[in-house]
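Okay, structure first, notes after.
Just so you know, all these numbers are worked out from the coordinates, no wet-lab data involved. The shown structure was predicted, so the numbers you read here are calculated from the model rather than taken from an experiment. Positions of Cβ are generated from backbone atoms using ideal geometry, with glycine treated the same way; all protein chains shown enter the neighbour counts.
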Amino acid sequence: MAASFFGDLPPFREVRPSPLVILTVMLKEILEQGRVFTDAALERLLPPEAQRPASIHQAMRHSVFAGGKRIRPILCLEAGRMIAASLPAGIEDLGSHDDLPALDNDDLRRGRPTCHKVFGEAIAILAGDALQTQAYAVLARLDCPAESRVRIIEEIARGTGTVDGMIGGQVVDLEAEHTKPDVETVDYIHRAKTAALITASVVSGGIFAGGSDNHVEKLRIFGQSIGLAFQIVDDVLDVTQTSEQLGKTAGKDTVAEKATYPALFGIEESRNKADALVASALASLDSLGAQAETLKSLARFLVEREK
């Protein structure tokens with residue numbers, strides 16, 4: 001009876017997840033572990049909210065614990081893992097950093113009211129200053145050779161600085177609003193405002209892990225390319241997604257007539273440029289073989305996910 005009932009069914013076959021599904025699950029796990037690892041380090045490194053003066057410490061924590069994905073710290077961790085073949089002890093302190101508040105003058109940051117909206121402009125600016133000084137206090141205590149500490153401090157200072165760094169990029173970005181910038185200006189803004197800090201993250205991770213000059217140079221090329229790709233994709237999302245999807249006010253770039261890739265090239269061409277930059281970033285690590293595969297897959301996954 002049972003045989004005739006099941007006789008028309010095909011033979012049982014075990015369904016196994018595809019390699020792509022397995023890789024995606026692994027990368028999501030790396031991202032979640034990296035986020036938790038970084039948040040724990042930040043909790044330990046930042047003064048508690050009740051520490052006098054409480055208002056500044058509350059503002060610092062409001063900005064830092066705003067639900068960020070911790071992409072830069074995670075890339076730093078994975079660059080160190082790539083060099084050392086395992087996660088170097090203490091690298092989570094190096095990876096712990098965040099954005100300055102208020103610069104975009106937005107009401108929302110990752111779905112929450114921004115620091116200057118909650119605490120006022122003065123405290124928000126001081127919170128940015130305090131986070132910067134706290135970062136260098138942490139860097140000065142990194143558990144690595146003194147020469148590496150100095151190189152890391154210089155690398156991050158340059159990435160946040162006025163010459164081809166984040167501050168310089170932010171200045172040019174602000175000054176380019178309501179103008180008709182050329183390709184060179186937009187490229188400079190994106191490379192300085194976003195790619196410089198991503199580059200500093202991966203390069204400093206490699207230095208912390210004891211990477212050679214050759215390793216560091218490859219990571220620098222990787223960071224510059226993947227950092228620019230991230231910013232291009234972010235500009236595209238500002239045009240194509242809602243405020244709810246973004247966690248910040250959508251369409252601000254268009255209203256402010258910001259200098260962006262979509263404004264110059266359109267959405268499809270911007271996506272093509274981002275894809276080409278990702279390919280360039282991955283190729284820069286090809287000579288490192290299997291040890292670079294996780295970092296390469298993570299970068300590709302992050303850019304694709306942002307699309």
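Put simply, when 113-125, 187-199 are sorted by average Cβ atoms within 10 angstrom per residue, most first, you get 187-199, 113-125. Note on segment 157-246: with charges restricted to the Cβ of Lys and Arg (+1) and Asp and Glu (-1), its dipole about the Cα centre is near 400 debye.
Sites listed here are GluC sites (Glu not before Pro) in segment 136-228 whose DSSP assignment is loop and whose Cβ has at most 14 other Cβ atoms within 10 Å: Glu177. The Rg/Rh ratio for segment 51-208 is 0.99, where Rg is the radius of gyration of the alpha carbons and Rh is the Kirkwood radius. Between Ser148 and Ile22, how many nm apart are label points set 7 Å from Cα along the C-beta direction? About 3.2 nm, to one decimal.
Going down the list Lys69/Lys218; Lys180/Lys296; Lys193/Lys296, which pairs span over 27 Å between their C-alpha atoms? Listed pairs above 27 Å: Lys180/Lys296.
Given a Förster distance of 35 Å, report the FRET efficiency between Ser55 and Ala157 from their Cβ-Cβ distance, rounded to the nearest 0.05. The formula returns an efficiency of 0.80 here. For Val36, what is the net charge nearby, where nearby means another residue's Cβ is under 11 Å from its Cβ and Lys, Arg count +1, Asp, Glu -1? Residues close to Val36 contribute a combined charge of -3.
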